[in-house]
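Asker: Handing you a structure now.
The values are calculated or read from the model by the stated rules, or taken from the named source; none is laboratory data. Everything numeric here is computed off the predicted structure, so don't read it as measured data. FYI the Cβ positions are ideal-geometry reconstructions off the backbone, even for glycines, and counts take in every protein chain you see. These area figures cover heavy atoms from the full protein model, side chains too; ligands, DNA and RNA do not enter into them. Shrake-Rupley method; radii C 1.70, N 1.55, O 1.52, S 1.80 Å.
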Amino acid sequence: KSSRENSFARTRRCRIETLEELVPLTAVPTGTNIQIQTQNQNLDQNNPDVAKDPVGDFVVVWEQVTSAGNRDIFARQFFATGTPKGVEFAVATATPDQYSPRVDMAGDGSFVVVWEEVDTDGDTDIYFRRFNSAGNAISLPTLANPDDLVNQSDPDIAVFPTGTFVITWTNATTGTNSDIQFRRFVSNGSPLDAAARNLANTAQNETQGRIAANKAISADRFMVVWTEATTRGDTDVMRDMRSIFTGNTISGAGVVSDNAATQNLNHFNPSVDLDVVGNAVVTYAEEVALTNNNLYLRRYNNLGVAQTTDRQVVEDQAAVDTKVSQVGIAG
């Protein structure tokens, strides 16, 4: 045989190789606490929210009690290291009261802030304002909801990598019934929807709407979660995944907290986030007893189909009350 043939005929022996041990990811602080605001430290600052861009730079927004009966919205930008990009700056400072700010960022670092404002006709409306990556305002405060002389409250926002964004809020449809509405906007702030669209519109009361979008360049969907009163007298956490292109449902509204053994308990305070392809995680609280709430989560694929038959425990301690959570997913 030739040497080439002999080489193929040789016996191959198995080898054992030591592999690197895999360990779970852990969250370790990378520095000391950072004070967000440095001006007006004698005033109260409340209700913060944060958003980050693809490189880790982030922006924080909050409401500031400027005077009795008047709150304004402020923001500050930071590098991924936690180093401030500059001082805090005003987002909305009109004489009417502004509060409950939320923020999200596009792929280029620009961002949109949304808030609730007491309007001149006495009701509350939802406004937004757009900023570029340098923190310069590129729009005036803009009304998000068509003003129909009823209260719109508790806004949230999801910005896609391209800058397209969706705003949700709670609409006081009647004196005893609130519904969740949304409206889509292109990156320049022009509405894609001529009017507000109902996402949850039933005879039952819906509140606490929260929204998230997938962050891939080809992103095409968002998920909204909310708290809904039931005919049993308790509350459930609901979810609906929708297309950014049409605003239409992909999976249809469904119950997140649909565990038969606990369906008569109150479920509330939902939170949601999506990864780059649209898989979602929803967290929420469950009222186990009058002074004891536990936290749970449920995972969904990018079609809005639950990936677990039962929800998973996040925090479950009989002697500890845990009821407010915020979820975030890496790419």
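Asker: Of Leu43, Leu199, Leu140, which has the most accessible area and how do the rest follow, probe 1.4 Å?
Answerer: Working: Leu43 45, Leu199 15, Leu140 125 Å².
Highest to lowest solvent-accessible surface, that is Leu140, Leu43, Leu199.
Asker: For semi-axes √(5λ) of the Cα gyration tensor in Å, one of (1) 52, 25, 17; (2) 44, 32, 19; (3) 39, 27, 22 was computed from the structure I shared and the rest are decoys. Which label?
Answerer: (3)
Asker: In whole Hz and in residue order, list the ³J(HN,Hα) couplings for the range 250-266 that follow from phi through the Karplus curve 6.51 cos²θ - 1.76 cosθ + 1.60, θ = phi - 60°; x for Gly and Pro.
Answerer: Per-residue couplings from phi come out as 9, 10, x, 5, x, 8, 7, 8, 8, 9, 4, 6, 10, 5, 8, 8, 7 Hz.
Asker: Which loop chymotrypsin sites (Phe, Trp or Tyr not before Pro) in the range 190-282, with loop taken from DSSP, have no more than 15 other Cβ atoms within 10 angstrom of their Cβ? Let's see the in-between values first.
Answerer: Working: sites: Phe222, Trp226, Phe245, Phe268; in loops: Phe245.
Here the chymotrypsin sites (Phe, Trp or Tyr not before Pro) that fit, given the DSSP loop and packing criteria, are Phe245.
Asker: May I pose another question? Lys323: which aspartates and glutamates have alpha carbons under 13 Å from its alpha carbon, excluding same-chain residues fewer than 8 sequence positions away?
Answerer: Within the straight-line cut-off, Lys323 pairs with Glu286, Glu287, Glu315.
Asker: Here is a follow-up. Give the Kirkwood hydrodynamic radius (Å, one decimal) of the range 141-243, defined as one over the mean of 1/r across all pairs of different Cα atoms. Before the final figure, lay out each step's value.
Answerer: Details: mean 1/r = 0.0707 Å⁻¹.
Computed over the range 141-243, the radius equals 14.1 Å.
Asker: Which longest uninterrupted range of the chain lacks any trypsin sites (Lys or Arg not before Pro) assigned by DSSP to a loop state (not H, G, I, E or B) and surrounded by at most 13 other Cβ atoms within 10 Å? Can you show the working numbers first?
Answerer: Values: sites that count: Lys1, Arg10, Arg12, Arg13, Arg15, Arg232.
Here the longest segment lacking exposed loop sites spans 16-231.
Asker: Would you kindly derive the ³J(HN,Hα) couplings of the range 130-139 from the backbone phi angles with the Karplus curve 6.51 cos²θ - 1.76 cosθ + 1.60 (θ = phi - 60°), listing them in order in whole Hz, with x for Gly and Pro?
Answerer: 9, 9, 7, 5, 8, x, 8, 5, 10, 7
Asker: Compute the distance in nm between two label points, each set 7 Å from the Cα along the Cα-to-Cβ direction, one at Ala68 and one at Ser218.
Answerer: Rounded to a tenth, the inter-label distance reads 6.0 nm.
Asker: Right, next: Beyond 26 Å, what share of the Cα-Cα pairs of the range 175-331 is found? Please give it as a whole percent. Walk me through the numbers before you get to the answer.
Answerer: Details: 3258 of 12246 pairs.
More than 26 Å apart: 27 percent of the Cα pairs in the range 175-331.
Asker: Taking amide H positions as placed 1.01 Å from N in the peptide plane, with prolines and chain starts having none, which residues 5 or more places from Ser251, or on another chain, fall under 5 Å of its amide H?
Answerer: Amide H neighbours of Ser251: Met241.
Asker: Mark the label point 7 Å from the Cα of Thr120 along Cα→Cβ and return the residues of the range 82-114 whose backbone N is within less than 12 Å of it.
Answerer: Counting backbone N atoms under 12 Å from the label point, the list is 95-96.
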